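Student: Attaching a single structure in structure tokens format; questions to follow.
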Protein chains: 2
Amino acid sequence: MAPAGRESLKPFFEPKVVAIIGASNKPDKVGNTIFTNFLRADFKGEVYPVNPKHNLLFEKKCYSSVKEIPKPIDLAVIAVPASIVSKVMEDCAEKNVKAAIIISGGFKETGSEGARLEKEVTTIAKNGNVRVIGPNCLGVYNPETNVDTMFLPEEKLRRPPKGSIALLSQSGAFMGTILDWAAYEGLGVSKAVSYGNECDVDLIDLIEYLADDPHTKVIAVYVEGIEHGQKFIRVVKEATAKKPVIAIKAGRSTRGKAAVLSHTGSLAGSEVLYRMAFKQTGVVGVDDFEEMLDLSKAFALQPSATGDRVLIITDGGGAGVMAVDACEHYSLTVPELDAKLQVELKQRFPPYCSTNNPIDLTGDVDNQRYRIALEKAFLDYEGVDSVIVILLVQAPSLTVGVVDIVRDINRKSTRPIVACCMGGEYSAKVAKEVERRGVPSYPTPERAVRAIWALTKYGQWKLRKA
Amino acid sequence: MAPAGRESLKPFFEPKVVAIIGASNKPDKVGNTIFTNFLRADFKGEVYPVNPKHNLLFEKKCYSSVKEIPKPIDLAVIAVPASIVSKVMEDCAEKNVKAAIIISGGFKETGSEGARLEKEVTTIAKNGNVRVIGPNCLGVYNPETNVDTMFLPEEKLRRPPKGSIALLSQSGAFMGTILDWAAYEGLGVSKAVSYGNECDVDLIDLIEYLADDPHTKVIAVYVEGIEHGQKFIRVVKEATAKKPVIAIKAGRSTRGKAAVLSHTGSLAGSEVLYRMAFKQTGVVGVDDFEEMLDLSKAFALQPSATGDRVLIITDGGGAGVMAVDACEHYSLTVPELDAKLQVELKQRFPPYCSTNNPIDLTGDVDNQRYRIALEKAFLDYEGVDSVIVILLVQAPSLTVGVVDIVRDINRKSTRPIVACCMGGEYSAKVAKEVERRGVPSYPTPERAVRAIWALTKYGQWKLRKA
């Protein structure tokens, strides 16, 4: 009897023994990229190639069928033509393989004959108690165990480091893009799944699994259509009680819905329906890729906010003004600071600094002014729920040492801090240093405010649930 | 008699002879950075240091007063304490200096005594026919002539290359940030002016000047408050008849207005008033820094669109769907393609490609499919006014050679093309190659659509004017 529910998905992410069916030594073959991924990437387990055309592959004995492998198999990765997947799945069932990722395309997405084939394969798997991700997908990336079935070469798709963001996507192209982007931004990923046609394991199963995954702090999803609406709402609600879920909903517009239909054959729900579903479940809905990564980063690094009062500290008046504008746009409050606090700040700062909110330390700022502002008006002050630290590092007397001040404050605070480092190469360098110290940084005040908005929105959802 | 209007501003940008008043050899002095800017940057003219404390500066004879310089002076750059600026200005007037940039702070922005000083200096300049930019500013950057009075060192503020974007800002911090950012993005600048307190030359004068500047294709402005509303509307309307003007309006929100008041003492107009002024004048209003640079890049590289019908070509269905969603958000049309055209495309593409709009070339795309789609559905097709080319370069068979296809189409087209290269390091590299070939590229479908929206909005403004 196969394990049920959550436990049955474990072999996808933490297999001890893996078979690569369709492994190859030809560089342009999917089965080559995947097999070498497992060989190269220091996979924490055993890997067996399967291909009747070879006896040896990369100095490893190659089997003509999964059934011949002298060990129980946790995970089979299937990268063979669609026409022979049924046969391969029969072998997997006979061998009691626990889980299979079908990378191959040529199923439901190509028309009725493909749909018939997919149904056949699904029935065989079900009868044999084999859980299946796919077909028509990139499969799984788990930097913890080094499971990596993504068949795009490292040059085109850099792998992100280990981290706490889980990424889910029907679309393989989206997954490739977002993983590569995350790697570029240095964002750490806990698990990524491109799940394709969902013949067995679906989005709901994966969200349920990740909700209890100790390596995952935030779940980010790209979705074109949701089936089983009631179950979706129940499962996601349970997930958001544990950790934030961010979703891009594509196909919101009238023409977009038509495009979704021709892309995956999914029926995109109306914008109103999605909004309602997200509202009911506490999902943070986002509009684009950039926002998805921006917010994932915020949730991965910072706690949520328990209230909507934002403190803004800046050394450029204009950037402060734009942050205030953005706060109003996102219905966040920029409260005036206590008169007593302002008197205290006035004693420490030159007279031309603004001690109200936004606190403007002005262009002749030095590191010390940031420390004072952060300690007095944030750490020691109860009147705000979060802080945005704008660092225009072009200021002549400001040095990169300011990042250690931000780190110190972050360590002592239970409230969220985000930074905004705006400018060019030097600013980007400082931003990276800030993030290495646990504080997410954004290149515009607007994007920093949006991150605070998400932390606040989710914090308030949790409060309402409590 | 001094030249009037436009001609009187020329010495700020194209001076033959420049005096740096307050030049210094001490590395932490503003007068040092500015003087060495002129020495280092291959300034196309003569430069004379003025400072009574020195006889020689960097092996150049140093004068104790501007009056002693044995040549007529086009431009004096003044970087001395506020208290002696009046005296310096008297000398400039006596010497018939045509234009002066007062870098020094300590005037109107510091209170009533500063305001009195500023008025005094302004009167002296006016009586002496000296045009003035400043005080309290970074002044002028013109990569054409290598005038560079920005006193921030290159390490903190990289200078962008020569190009066709003009940048204007009251705020010095904003100017520093945006120049550094433009340099990082490789965006070329024609002229940049941080104009500070506007004691003489104001935003309106500068827009009027740049509207006729042959090196400038687009004018981008950061503004916190507009004075002389009627004149502003008249001048800007004339400017937008010649070239696009983009403006960030800070202080739109209620709390933002208060922050503006404490930042520059300007009275920020209401959002409604600004919107009306922008609508009347054809100014493209934007919300943030990123949008400002995104749209500037589009206008610098591409023609405007004469209609709102957008063609989308993609190799990832999801990205196409998101572009369609964004088009609807920006009130752009994504028209269905002619049946005849679709039949033609179907003959050239595999059956699983979508030949309607968005055209989805799918993940096994090669370069040739992009060429066919761009030729048949854009170059040879009258049914669309612009095209967004989404390149998910992770696709295994797509090579960097696709950028030359985009270049070829761009050369032959009179309608705008923008690209979207999404992903990590490799995508960023391809994006740079695309831009080097004259097509702006953005990292998300949404930002690419926003660029098309601006090109369309401005195109329709011009049509209404014609």
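Student: Which whole-number percent is the relative contact order of the stretch B:5-299 (Cα, under 8 Å, 6+ apart)?
Tutor: Values: 635 pairs, mean separation 39.8, N = 295.
After rounding, I find 13 percent.
Student: When the Debye formula is applied to the Cα atoms of the protein assembly as shown, each taken as the same point scatterer, what base-10 log of I(q)/I(0) results at q = 0.05, 0.08, 0.09 Å⁻¹?
Tutor: -0.33, -0.79, -0.96
Student: Taking Cα pairs under 8 Å and at least six residues apart, what relative contact order does the stretch A:303-465 come out at, in percent? Mind dumping the intermediate values first?
Tutor: On the way: 308 pairs, mean separation 49.6, N = 163.
Computed value for the stretch A:303-465: 30 percent relative contact order.
Student: Looking only at other chains, what is the average number of their beta-carbon atoms within 10 angstrom of each beta-carbon in A:420-431?
Tutor: 5
Student: On average over all directions, what projected area in square nanometres does the stretch A:150-213 have, based on the convex hull of its Cα atoms?
Tutor: Working: hull surface 17.2 nm².
For the stretch A:150-213, the mean projected area of the Cα convex hull comes to 4.3 nm².
Student: Then there's this: Rounded to the nearest Å, what's the spacing between the alpha carbon centres of the stretch A:380-397 and the stretch A:42-84? Just the number, please.
Tutor: 55
Student: Can you list, shortest first in nanometers, how far A:Tyr352 lies from the same residue in the other copies, with each label 7 Å from Cα toward Cβ?
Tutor: Output for A:Tyr352: 6.4 nm, nearest copy listed first.
Student: List, largest first, the extents of the alpha carbons of the stretch B:231-362 along their principal axes, each in whole Å.
Tutor: 65, 31, 23
Student: With the contact rule set at Cα under 8 Å and sequence spacing of 6 or more, what percent relative contact order holds for the stretch B:1-99?
Tutor: Values: 157 pairs, mean separation 31.9, N = 99.
It comes to 32 percent, rounded to a whole number.
Student: Taking H as built 1.01 Å from N, whose amide H comes closer than 5 Å to the amide H of A:Ala419, not counting residues under 5 places away?
Tutor: When sequence neighbours closer than 5 places are left aside, the close amide H contacts are A:Val389, A:Ser441, A:Tyr442.
Student: Residue-wise, which Karplus ³J(HN,Hα) couplings in Hz belong to the stretch A:444-461, taking 6.51 cos²θ - 1.76 cosθ + 1.60, θ = phi - 60°, and x for glycine or proline?
Tutor: 9, x, 4, 6, 5, 5, 4, 5, 4, 4, 5, 4, 6, 4, 5, x, 6, 4
Student: Rounded to the nearest 5, what % of the DSSP beta bridges within the stretch A:5-299 are antiparallel ones?
Tutor: Values: 7 of 43 bridges.
The antiparallel proportion sits near 15 percent.
Student: Can you name the chain A residue with its Cβ nearest the rotation axis from A to B, and give the distance in Å as a whole number?
Tutor: Nearest-to-axis residue on chain A, with distance in whole Å, is A:Glu290, 5.
Student: With θ taken as phi - 60° and the coefficients 6.51, -1.76 and 1.60, list the Karplus ³J(HN,Hα) couplings across the stretch A:187-192 in order, rounded to whole Hz; mark glycine and proline as x.
Tutor: 3J(HN,Hα) across the stretch A:187-192, in whole Hz: 7, x, 10, 8, 8, 9.
Student: Please compute the average number of Cβ atoms from other chains found within 10 Å of each residue's Cβ in peptide B:321-334. Could the numbers behind the result be given before it?
Tutor: Values: counts 18, 13, 3, 11, 16, 5, 3, 6, 4, 0, 0, 0, 1, 6.
Other-chain Cβ atoms within 10 Å of each residue's Cβ, averaged: 6.
Student: Could you pull out every residue, at least 5 positions away or on a different chain, whose amide H is within less than 5 Å of the one on A:Ala100? Hs are placed 1.01 Å off N in the peptide plane, and Pro or chain starts have none.
Tutor: When sequence neighbours closer than 5 places are left aside, the close amide H contacts are A:Ala76, A:Arg131, A:Val132, A:Ile133.
Student: Looking only at other chains, what is the average number of their beta-carbon atoms within 10 angstrom of each beta-carbon in A:154-160? Could you put the intermediate results ahead of the total?
Tutor: Working: counts 1, 3, 11, 7, 4, 1, 1.
Per residue, the number of nearby Cβ atoms from other chains is 4 on average.
Student: For the stretch A:22-119, report the % of Cα-Cα distances exceeding 16 Å.
Tutor: Working: 2713 of 4753 pairs.
When every Cα pair of the stretch A:22-119 is considered, 57 percent fall beyond 16 Å.
Student: Once the label point is set 7 Å along the Cα-to-beta-carbon vector, what list of distances in nm do you get between B:Asn129 and its counterparts in the other copies?
Tutor: Copy-to-copy label distances at B:Asn129, shortest first: 10.0 nm.
Student: Which distances, shortest first and in nm, link B:Glu336 to the matching position in the other copies, using label points set 7 Å out along Cα to C-beta?
Tutor: Label point to label point, same position, other copies: 5.9 nm.
Student: Sticking with this one: In terms of the Cα gyration tensor, with a ≥ b ≥ c the square roots of its eigenvalues, is the stretch B:5-299 rounded because a/c is under 1.5, prolate because a/b exceeds b/c, or oblate?
Tutor: Cα axes put the stretch B:5-299 in the prolate bin.
Student: Per DSSP helix of 4 or more residues, -39500 (n - 2.57); summed, then divided by the residues of chain A. What does that give at 222 nm, rounded to the nearest 500?
Tutor: Values: 16 runs with 191 residues, N = 466.
That calculation yields -12500 deg cm²/dmol at 222 nm.
Student: Quick one: Karplus J couplings for the stretch A:427-435, per residue in order, coefficients 6.51, -1.76, 1.60, θ = phi - 60°, nearest Hz, x for Gly and Pro?
Tutor: Working through the residues one at a time gives 4, 4, 5, 4, 4, 4, 5, 4, 5 Hz.
Student: Under 29 Å Cα-Cα from B:Lys376, which lysines qualify once same-chain neighbours fewer than 8 residues away are excluded?
Tutor: Cross-link targets: A:Lys156, A:Lys257, B:Lys297, B:Lys340, B:Lys346, B:Lys412, B:Lys429, B:Lys432, B:Lys457, B:Lys462.
Student: Across 10 Å bins from 0, what is the distribution of all Cα-Cα pair distances for the stretch B:371-435, in whole percents?
Tutor: The distribution over the stretch B:371-435 is 20, 54, 23, 2, given as percents.
Student: For the stretch A:303-465, what does the equivalent ellipsoid look like in terms of its semi-axes, each the square root of 5 times an eigenvalue of the Cα gyration tensor, given largest first in whole Å? Present the calculation step by step, with values, prior to reporting the outcome.
Tutor: Values: eigenvalues 96, 69, 42 Å².
Over the Cα atoms of the stretch A:303-465, the ellipsoid semi-axes are 22, 19, 15 Å.
Student: Here's a follow-up. Would you give the gap between the C-alpha center of the stretch B:185-235 and the C-alpha center of the stretch A:188-232, rounded to a whole Å?
Tutor: 50
Where a number appears in this text, it was derived from the coordinates with a stated rule and is not lab data. Here the structure is a predicted model, which means the values were calculated and not measured. Every residue, glycine as well, gets a Cβ built from its backbone with ideal geometry; the counts of neighbours run over all protein chains shown.
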